[in-house]
Amino acid sequence: MSQLSFSSLQLQSDLLNNLETLGYTSMTEIQSQSLPHILDGNDVIAQGQTGSGKTAAFGLGLLEKLDVERFRIQSLILCPTRELADQVAKEIRKLGRGIHNIKVLTLCGGMPLGPQIGSLEHGAHIVVGTPGRIEDHLRKGKLKLDHVNLLVLDEADRMLEMGFQDALDAIIECTPSERQTLLFSATFPDQIQSIAKRIMKQPVMVQVASTHDSTSIQQHVYEIGDIDRLTAVRLLLMQHNPESAVIFCTTKRETQEIADELRRYGFSALALNGDLEQKDRDQTLTRFMNKSISVLVATDVAARGLDVEALDMVINYQFAHDNEVHVHRIGRTGRAGNQGMACTLYDEKEHYKLDALEAYLGHSIEVESLPSFDVLDKPISVPLMTTLRIDAGKKQKIRPGDILGALTRENGIAGSQVGKIQLAPNWAYVAVSRDIVKKALNMLEQGKLKGRKIRVQRL
Ligand code: AMP
């Protein structure tokens with residue numbers, strides 16, 4: 001990581017002071033390489049993975065450029081998934097805290113259109129969204145992009161992979177041609193090069209050394225021999241006892257089967273795949289991120305936007321279909337300086353994939369033996385937290401403080417036993433320590449939130 005400080009950049013003091021409050025002391029590699037060009041107004045293509053600090057790279061660029069007095073949409077950020085868009089919006093709000101009255105709006109699929117149209121009528125400076133939904137609003141004439149002077153394509157490779165090419169073209173067509181364009185992508189297939197050629201002007205290329213180098217991620221590779229993959233996964237989970245682990249596999253069906261099997265053995269595991277309804281996806285992610293579920297079994301696409309500060313472990317159920325995807329998967333552990341562990345299972349037939357990965361990385365990887373079967377005799381540890389779902393949310397004007405208050409009133413539950421609180425439009429999730437779940441349920445059911453009785457369900 002580079003040691004350059006943000007103060008070497010031409011950033012307004014409100015942004016700089018806030019960065020200091022956030023504890024962003026030095027720039028990450030991608031930031032130090034791309035920000036000077038972004039601030040100079042150049043188009044930039046950057047190889048940015050989740051965890052590299054790419055959001056702050058383009059976020060600071062667009063906040064510096066923003067004229068808050070002009071209440072028009074000046075920046076548009078396109079993301080492949082709603083989870084990523086939410087995360088990006090959150091990071092931008094965080095970075096922009098020092099500037100008054102910035103309005104960041106997210107427009108994503110899977111959410112009702114009506115409220116989005118309402119928000120659009122109120123106006124915004126920055127829009128973050130998914131291509132399909134942004135295109136819908138453009139078609140309906142509800143969204144105008146004539147004042148956009150900065151366009152960001154985040155995880156461009158995924159957007160193309162998910163079939164958003166046409167939507168992207170249609171959206172870009174509606175933005176002024178004299179805009180600045182920033183493109184972030186983990187991989188650079190031909191399709192990216194060709195879109196870049198069409199929509200960018202003399203882009204500066206920024207390629208950073210991978211953030212998932214051997215210093216922060218231990219990469220372990222196991223040939224399974226005659227052990228079946230599921231047992232191999234159980235051995236690894238039992239040996240290392242991760243608080244949060246993601247198992248990557250290829251098909252949606254596989255995610256479900258593995259998660260079901262793991263649950264049968266007593267692990268707290270859930271599947272995350274594109275077949276789930278948005279509500280169930282949100283619920284699964286919430287439970288994983290608030291530490292009530294320790295294992296998530298996911299496809300690559302579904303795991304996009306997954307932002308867990310300290311993902312302890314990634315298990316590749318089989319090698320990814322290409323090396324860049326592999327590197328991207330394992331980059332999800334060990335981020336922000338945490339030690340991560342990446343395990344890959346393969347069988348004899350896939351040996352050539354290990355050779356290819358070694359050639360790609362330029363170093364050899366030692367094949368290790370799986371843990372011995374003794375580890376299966378230990379009890380499986382359960383997550384520390386449990387999620388409660390409350391049948392009231394943002395629309396009922398519930399705020400996190402109301403829920404915390406209801407739990408901790410009259411010496412009920414100690415604040416330290418309450419974890420993340422997350423609000424959705426019509427419900428809220430709160431994580432509480434597993435050992436006080438009953439009491440938490442009682443406190444909530446017997447109390448009131450915003451003057452009304454609520455129903456609570458343990459998930
Ligand atoms: P991203 O790659 O944009 O998803 O960012 C990964 C995480 O790193 C986020 O939680 C950011 O808040 C954090 N982050 C970004 N830039 C810095 C920085 N310069 N110093 C410390 N943390 C950072």
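Below are the figures for this structure:
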| read-out | value |
| --- | --- |
| About the Cα centre, charge dipole magnitude for the chain (Lys/Arg +1, Asp/Glu -1 at Cβ), debye | 2780 debye |
| Relative contact order of the chain, defined on C-alpha pairs under 8 angstrom at six or more residues apart (%) | 14 percent |
| Separation between Cα centres of region 239-262 and region 143-188, rounded to whole Å | 33 Å |
| Highest to lowest packing among 166-178, 59-71, scored as the average C-beta count within 10 Å | 59-71, 166-178 |
| Solvent-accessible area per residue for the chain (1.4 angstrom probe, square angstrom) | 45 Å² |
| Spin-label pair Gln12/Asn101, simplified geometry with 7 Å Cα→Cβ offset, distance in nm | 1.2 nm |
| Solvent-accessible area, 1.4 Å probe, carbon plus sulfur percent, for region 214-377 | 45 percent |
| Segments 268-277, 29-38, 410-419 sorted - mean Cβ within 10 Å per residue, highest first | 29-38, 268-277, 410-419 |
| Region 1-96 shape via C-alpha gyration tensor axes, a/c threshold 1.5 | rounded |
| Chain lengthening between Arg93 and Lys450 when straightened (0.36 nm per residue, less Cα-Cα) | 125.9 nm |
| Low-density loop positions, trypsin sites (Lys or Arg not before Pro), region 155-245 - DSSP coil, at most 13 other Cβ in 10 Å | Lys201 |
| Charge dipole (the chain, unit charges on Cβ, about Cα centre) - positive-most of Tyr222, Ser32, Val295 | Val295 |
| Solvent-accessible ranking of His363, His220, largest area first, probe 1.4 Å | His363, His220 |
| Overall form of region 385-458 per C-alpha gyration tensor (a/c, 1.5; a/b vs b/c) | prolate |
| With all protein chains modelled, accessible area of Lys144 [1.4 Å, Å²] | 130 Å² |
| Label-point separation in nm, Lys378 to Ser416, each point 7 Å along Cα→Cβ | 2.5 nm |
| Mean Cβ neighbour count within 10 Å, used as a protection proxy, ranking 14-27, 385-398 highest first | 385-398, 14-27 |
| Sequence-separation-based contact order of region 325-459, relative, with Cα cut under 8 Å and 6+ spacing, percent | 24 percent |
| Segment Asp67-Val437, length gained on full extension (0.36 nm per residue, minus Cα span) | 128.4 nm |
| Rounded percent of accessible protein surface that carbon and sulfur make up, region 6-207, 1.4 Å probe | 46 percent |
| Nonlocal Lys pairs with alpha-carbon distance under 21 Å, region 6-207 (8 or more apart, or different chains) | 14 |
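The values are calculated or read from the model by the stated rules, or taken from the named source; none is laboratory data. Quick caveat: nothing in here was measured; it's all calculated off a predicted structure. We place every Cβ from the backbone using ideal geometry, glycine too, and count neighbours over all the protein chains shown. Quick note on the areas: whole protein, heavy atoms, side chains included, nothing else; ligands and nucleic acids left out. Shrake-Rupley method; radii C 1.70, N 1.55, O 1.52, S 1.80 Å.
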